[in-house]
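The values are calculated or read from the model by the stated rules, or taken from the named source; none is laboratory data. Everything numeric here is computed off the predicted structure, so don't read it as measured data. Note that each Cβ is placed from the backbone with ideal geometry, even for glycine, and that neighbours are counted across all protein chains shown. With ligands, DNA and RNA removed, areas are computed over all heavy atoms of the protein, side chains included. Shrake-Rupley method; radii C 1.70, N 1.55, O 1.52, S 1.80 Å.
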Amino acid sequence: ERYVYPLKAVEKGEQNGFLMMASCCLLIEGLTAYRQGWPTTKGKSQQAFTKFFAHEHRFAEFRRYGDFYEGVRCGILHRGETDHGWRLNFTKPFQPLLEVAEKRINCFRFLQGMEGSLADYHAELCASAWESDLWVNLRNKMKSTVTDCAR
């Protein structure tokens, strides 16, 4: 509800690829922190992206691009632009997720993939035992989130 639904509510023609990708990058770090049980991604942001792309089959194409973190995540969140030759497509939603030769990301498909990754995580939790590592990691991250909110 924080990262995907608000973007889907934006009227056609009013969407913004930089906003979509900024939200997706925040979600990648958050989702990875929950999967790993990390209290924070401080000092682990780049590792979070490496782990995310290694785990998420929808984003297998990005595994070979070690500069996604710096060029997309850091570029957008710190400088308001992409870097290292990365480009965003948010005008042609039917293009592929990644146009490899141009390093061009289809923001609509990336957001759909993130929605699918969230659904997969939910399904994994539903199918896992309460004592599983998946649930232990979620509870560890949630405890730190609650503690941080109380400060």
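General observations
- Helices (runs of 4 or more DSSP H) contained in the range 40-151 and holding at least 1 residues more than 14 Å from the chain's Cα centre (by Cα): 107-127, 133-150
- Answer residue from the range 94-145, given it is at pLDDT below 95 and β-branched (Val, Ile, Thr) and is farthest from TYR65 (Cα to Cα) among those: THR145
- Here SER144 clears all of (1) under 22 Å from GLY13 (Cβ atoms); (2) among the polar types (S, T, N, Q); (3) surrounded by fewer than 17 Cβ atoms within 10 Å (Cβ to Cβ) except the condition numbered (1).
- Counting only residues that are free of Cβ contacts under 8 Å to residues at least 12 places away in the same chain and open to solvent by less than 50 Å² (accessible area, probe 1.4 Å), the range 83-100 holds 1 of them.
- Number of the exception - CYS126 against (1) under 21 Å from ALA48 (Cα atoms); (2) surrounded by fewer than 18 Cβ atoms within 10 Å (Cβ to Cβ); (3) among the hydrophobic types (A, V, I, L, M, F, W, C): (1)
- Within the range 1-21, the residues that satisfy the criterion of being at pLDDT below 95 and either part of a helix (DSSP H, G or I) or touching a Phe, Trp or Tyr at 6+ places or on another chain (Cβ under 9 Å) (or both) are TYR5, PRO6, LEU7, LYS8, GLN15, ASN16, GLY17, PHE18, LEU19, MET20.
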